[in-house]
1. What single numbered condition from (1) out of contact with any Asp or Glu (no Cβ under 6 Å at 6 or more places or on another chain); (2) part of a loop (DSSP other than H, G, I, E, B) fails to hold for residue 156?
2. Can you tell me which residue among 166, 178 is within 21 Å of residue 248 (Cβ to Cβ) and at pLDDT 95 or above?
3. Just to be sure I understand, how many residues within region 65-88 are assigned to a loop (DSSP other than H, G, I, E, B) and more than 30 Å from residue 155 (Cα to Cα)?
4. Checking residue 33 against (1) within 14 Å of ligand 1 (Cβ to nearest atom); (2) touching a residue at least 60 places away in the same chain (Cβ under 8 Å), which test does it fail?
5. Are there any pairs with C-beta distances below 9 angstrom linking a residue in region 200-225 that is over 13 Å from residue 106 (Cα atoms) to a residue that is among the acidic types (Asp, Glu) and assigned to a helix (DSSP H, G or I), with the two at least 6 apart or on different chains, and if so which?
6. Which condition from (1) under 18 Å from the mean Cα position of the chain (by Cα); (2) surrounded by fewer than 22 Cβ atoms within 10 Å (Cβ to Cβ) is the one that residue 9 breaks?
Amino acid sequence: MELSNYHSHCDYCDGRAPMQQFVQAAIDAGFRAYGVSSHSPLPFPAACAMPAERVEEYIAEIQQLKRERANQIELYAGMEIDYINDDFGPANDYFQALPLDYRIGAIHYVAHPATGQLMDVDGPPDRFANALDSLFQGDIHAVIDAYYDASHRMIARGGFDFIAHPDKIAMNAERVDPGVTRTPHYRHRIEAYLEDIAARRLMIEINTKAYHSLGALFPHQEHLQRLRELRVPVIVNSDAHYPHAVNDGRPEAINLLKTAGFRHLTCLSKGEWITVDIDH
Ligand SMILES: [Zn+2]
Ligand SMILES: [Zn+2]
């Protein structure tokens, strides 16, 4: 199995341990390659984001671990960069100029189309439910529209190597309105987004963070066959926030990809994105 992961956090953002503990866990698990991807700084205060003044130190620490562990594992400096709007996202000069090995484009916040007020769509369920009521008048379909509208704009702007958890909105949407992701409205939105991703020849991750807790991959496993038809390249990432979770859900996701007909995975090797046989 391809033992690598390019979506992970540490205590520069909301990860629960120092970077070197994640790296050690990856080495202990026999990983070939591992990328650290803390949450980018944001244009407003947020507990889960890395403060801008720590970015230099963050990258320096990865570079030092790279040198120290060079004969044990390939390490990469990444960042999970929030797209907020066309003024703030992975395509910004600031993020493009950082000496990163790769960039991940992610949506965690969506703006109300009329008021412009931002809603965190990835937080705890009670906070999501409260924000849904206060900012979107309880209209879950409006939040879903805002999420996919932002997603299309993010990929039109570009500036990233792959897309994080393309349908993460499904997690909280299902919590407040079970079954909403099976409605024609939702199905239309996700299908159009996957088609846009394919048309732009972009890579996505299969995010396994919640597979054990919620039974869902992001994108959900029910979309894997469609992704295979659309020939979208996939990277299998654990989005680890704890060192023990560096490989959580990855073997199960790879098996589901095989069942859906995938024959290859994408990964970094010697600094280049390459495809490897899914059975290697
Ligand atoms: Zn994320
Ligand atoms: Zn993440």
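The values are calculated or read from the model by the stated rules, or taken from the named source; none is laboratory data. None of the values given here were measured: they were computed from a predicted structure. Note: ideal-geometry Cβ built from the backbone for every residue, glycine included; neighbour counts use all protein chains shown.
1. Failed condition: (2).
2. Values: 178 fails: within 21 Å of residue 248 (Cβ to Cβ).
Selected residue: 166, the only one of 166, 178 that is within 21 Å of residue 248 (Cβ to Cβ) and at pLDDT 95 or above.
3. Residues of region 65-88 assigned to a loop (DSSP other than H, G, I, E, B): 69-73, 83-84, 86-87.
Now narrow it down to the ones that are more than 30 Å from residue 155 (Cα to Cα): 69-73.
Residues in region 65-88 being assigned to a loop (DSSP other than H, G, I, E, B) and more than 30 Å from residue 155 (Cα to Cα): 5 in total.
4. Tallying (1) within 14 Å of ligand 1 (Cβ to nearest atom); (2) touching a residue at least 60 places away in the same chain (Cβ under 8 Å), residue 33 fails exactly one: (1).
5. Between residues of region 200-225 that are over 13 Å from residue 106 (Cα atoms) and residues that are among the acidic types (Asp, Glu) and assigned to a helix (DSSP H, G or I), the close pairs are 202/196; 208/252; 211/252; 212/252; 214/174; 216/174; 217/252; 223/191.
6. Every condition holds for residue 9 apart from (2).
Yes or no, residue by residue, for (1) touching a helix residue (DSSP H, G or I) at 6+ places or on another chain (Cβ under 8 Å); (2) at pLDDT below 95; (3) within 18 Å of residue 101 (Cβ to Cβ):
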| position | (1), (2), (3) |
| --- | --- |
| 19 | yes, no, yes |
| 25 | yes, no, no |
| 30 | no, no, no |
| 38 | yes, no, yes |
| 53 | no, no, no |
| 57 | no, no, yes |
